[in-house]
Amino acid sequence: MARVLVTGGAGYIGSHTMVELLAAGHEVVCLDNFCNSSPEAVERVQAITGRPVRLFTGDVRDRSLLDALFRAAPVDSVIHYAALKAVGESVARPLAYYENNLAGTLTLLQAMDAAQVRRIVFSSSATVYGAPQRLPIAEDAPLAPFNPYGHSKAMVEQVLRDWCAAAVAAGRPAAAVALRYFNPVGAHPSGRIGEDPAGTPSNLFPFITQVAVGRRAELAVFGNDWPTEDGTGVRDYLHVVDLARGHVRALDWLVAHGGFVAINLGTGRGISVLQMVQAFERATGVRVPYRVVARRPGDIAACWADPALAQRLLGWQATHTLEQMCDSGWRWQQANPDGYRSQAARPGR
Ligand code: NAD
Ligand code: UFG
């Protein structure tokens, strides 16, 4: 049993990971400033699992808060999700992204050092590879991010590599796993927690579910002239519950190993935009009207993972089907048409 601090635990991936951690018998402490999430998500994690989460409301950049947290709620490992994640916004507000994602991680690592906590799982991203030269993408592919968000993730990976090396050299065992996620979609099978983007979703899957539930008229497909099978963009979509379980496996790896490793989490299978629309329609019986528009600037044609290292080091592989991704995502969207706000708006709570 581990005692785990989950930064950004109220967010989309963090909330699903807290469920899997609690289900595996771990104790969970959550730190979130709710800049992109709702405390309701933490309530629901506790309702789903019947187990408590110790919640600290605050910012990962706040060193004195972190020191107080490590004193009040001693942990042995950290899973670090807290970050800003909108690629387009990162181009317009690079300093906010380096501040939050890079400086936030530096502050966290300094506080961890002071508290002698030297195990961390970090949310990296397939975006660190940029436009891939070869598919599937293995971890030794060159890193070539092309926006501030992607750079912030690659920089943190380098920081973690150096931090581990220094600690190990000084005889203080440290271990860090950077998980490079491909495209997480779907929701917990209960439909009680899920992705709740603020404003217009920039990602494909939540856009599809919002069209299906009637919040938006149609999906804009960003180009059908890509060099792919049907001309639309291809990605490696993985179920968020599989992704969450990958973190629990990474935590087990940290306990048994030292040093830094970066590991892809994906299915190894590419799905086009139109294939995703069709899969969603098949799984739910709901039609998703769409219109093809121009390519989105900064997009790449295709991207999918070589997930062999995750299998070899963590014993992890994705098990959920595309149908389960669509079905669970739709269950969440239907039960919560306005995300966590749907519940908060209900009288008598
Ligand atoms: P999310 O926005 O739902 O979750 C992030 C959480 O962190 C939110 O609850 C937010 O309120 C919190 N947060 C942000 N800055 C904070 C700060 N300074 N202090 C405390 N809390 C803070 O995003 P997500 O989709 O769950 O992503 C989690 C992590 O995974 C992020 O690091 C993201 O970059 C990474 N990631 C996400 C994807 C994806 O497609 N969702 C893909 C690759 C990597
Ligand atoms: N797409 C549409 N219409 C939309 C939204 C997306 O056609 O309304 C297309 C895109 O052009 C792309 C595919 O659907 O071909 C997937 O797009 P997403 O925005 O869902 O995902 P990306 O792979 O572009 O980006 C996501 C995250 C990044 C992360 C990256 C790799 O948004 O933060 O995955 O992990 F870096």
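Brief remarks on what is shown
- Failed item, numbered, when GLY130 is tested on (1) away from ligand 2 (no atom under 11 Å from the Cβ); (2) on the phi > 0 side of the Ramachandran plot; (3) not hydrophobic (A, V, I, L, M, F, W, C): (1)
- Looking across the range 282-337, the residues that are in contact with an Asp or Glu (Cβ under 6 Å, 6 or more places away or on another chain) and in a helix (DSSP H, G or I) come down to ALA283, LEU309.
- Flag for ALA96 being free of Cβ contacts under 8 Å to residues at least 24 places away in the same chain and either in contact with a Leu (Cβ under 9 Å, 6 or more places away or on another chain) or part of a loop (DSSP other than H, G, I, E, B) (or both): yes
Rundown of residues vs (1) at positive phi; (2) open to solvent by less than 60 Å² (accessible area, probe 1.4 Å); (3) touching a residue at least 24 places away in the same chain (Cβ under 8 Å); (4) in contact with a strand residue (DSSP E or B) (Cβ under 9 Å, 6 or more places away or on another chain), yes/no style:
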{"position": "GLU281", "(1), (2), (3), (4)": "no, yes, no, no"}
{"position": "TYR290", "(1), (2), (3), (4)": "no, no, yes, yes"}
{"position": "HIS320", "(1), (2), (3), (4)": "no, yes, yes, yes"}
{"position": "GLU323", "(1), (2), (3), (4)": "no, no, yes, no"}
{"position": "PRO337", "(1), (2), (3), (4)": "no, yes, yes, no"}
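Yes/no per residue for (1) at positive phi; (2) among the acidic types (Asp, Glu); (3) within 16 Å of ligand 1 (Cβ to nearest atom):
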position: GLY258; (1), (2), (3): no, no, no
position: GLY266; (1), (2), (3): no, no, yes
position: SER272; (1), (2), (3): no, no, no
position: GLY315; (1), (2), (3): yes, no, no
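- Of all residues in the range 21-45 being within 25 Å of THR200 (Cβ to Cβ) and part of a helix (DSSP H, G or I), the one that is nearest to ligand 2 (Cβ to nearest atom): ALA41
- Those residues of the range 133-156 which are within 14 Å of ligand 2 (Cβ to nearest atom) and within 17 Å of ASP299 (Cα to Cα), in sequence order: LEU135, ILE137, LEU143, ALA144, PRO145, PHE146, ASN147, PRO148, TYR149, GLY150, HIS151
- Index of the failed condition, SER152 passing every other in (1) outside any loop (DSSP other than H, G, I, E, B); (2) in contact with a Pro (Cβ under 9 Å, 6 or more places away or on another chain); (3) open to solvent by 10 Å² or more (accessible area, probe 1.4 Å): (3)
- Any hit, the range 1-8, residues being within 16 Å of ligand 2 (Cβ to nearest atom), in contact with a helix residue (DSSP H, G or I) (Cβ under 9 Å, 6 or more places away or on another chain) and not in a strand (DSSP E or B): yes
- Any hit, the range 149-157, residues being modelled with pLDDT of 95 or more, closer than 27 Å to HIS16 by Cβ and out of contact with any helix residue (DSSP H, G or I) (no Cβ under 6 Å at 6 or more places or on another chain): yes
- Selected residue (only one of ALA92, ALA96 is open to solvent by 70 Å² or more (accessible area, probe 1.4 Å) and within 16 Å of ligand 2 (Cβ to nearest atom)): ALA92
- Looking at the range 174-254, the strands (runs of 3 or more DSSP E) lying wholly inside it that each contain 2 or more residues that are open to solvent by less than 40 Å² (accessible area, probe 1.4 Å) and within 13 Å of ligand 1 (Cβ to nearest atom) sit at 175-181, 183-185, 237-239.
- Checked against the criterion of being open to solvent by 60 Å² or more (accessible area, probe 1.4 Å), away from ligand 2 (no atom under 16 Å from the Cβ), at negative phi and part of a helix (DSSP H, G or I), the candidates VAL159, VAL168 yield just one match: VAL168.
- Screening SER202 on (1) at pLDDT below 95; (2) more than 22 Å from CYS35 (Cβ to Cβ) shows it passes everything except condition (2).
The values are calculated or read from the model by the stated rules, or taken from the named source; none is laboratory data. From a predicted model like this one, the values you see are computed outputs, not experimental measurements. Here the Cβ is made from the backbone with ideal geometry for all residues, glycine too, and neighbour counts use every protein chain on show. Accessible surface areas use protein heavy atoms only, side chains included; no ligands, DNA or RNA. Shrake-Rupley method; radii C 1.70, N 1.55, O 1.52, S 1.80 Å.
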